[in-house]
């Protein structure tokens, strides 16, 4: 007998054989676990969001070391911003508001654990802001943290 589940008014697929497979649906990861003798579903709610990167995190190797996994992103552009040199970490870029400016980069999906790793990597010298990319995608991006 198959098992169905409705989440956020969307019907997820049914399974009638043994499997352990993560199913991604919007902002929820569902880990479905079935066995021959019983069927159960274990939920783990994870907030999924986008992060836009434009500097060292564009490099697959750097991103993999920071996050501990391989994540492929989608190219996009951040409009009305421009790249600038970080005022403290002068070897690293930051973004600043600039009419008619643009920053090429990429965005990818991250969860809360990924954000913690990225926060450690970016350090207290960066903060997250919400941005809207040229594609219309809403995302987070890191910019210089200004201390007054």
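Just so you know, all these numbers are worked out from the coordinates, no wet-lab data involved. Everything quoted here is computed from the prediction, not taken from an experiment. Cβ sites come from the backbone with ideal geometry, for glycine too, and all protein chains shown count toward neighbours.
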- Message: What does the extension gain come out to for residue 119 and residue 77, with contour length at 0.36 nm per residue minus their alpha carbon separation?
- Response: 12.9 nm
- Task: Find how much the distance from residue 62 to residue 134 grows on full extension, using 0.36 nm per residue of separation minus their present alpha carbon separation; answer in nm with one decimal.
- Result: 23.4 nm
- Sequence ranges 48-55, 78-85, 129-136, ranked by mean other-Cβ count within 10 angstrom, highest first: 48-55, 78-85, 129-136
- Item | 23 Å tail of the calculated P(r), the range 49-144, as % of Cα pairs | 17
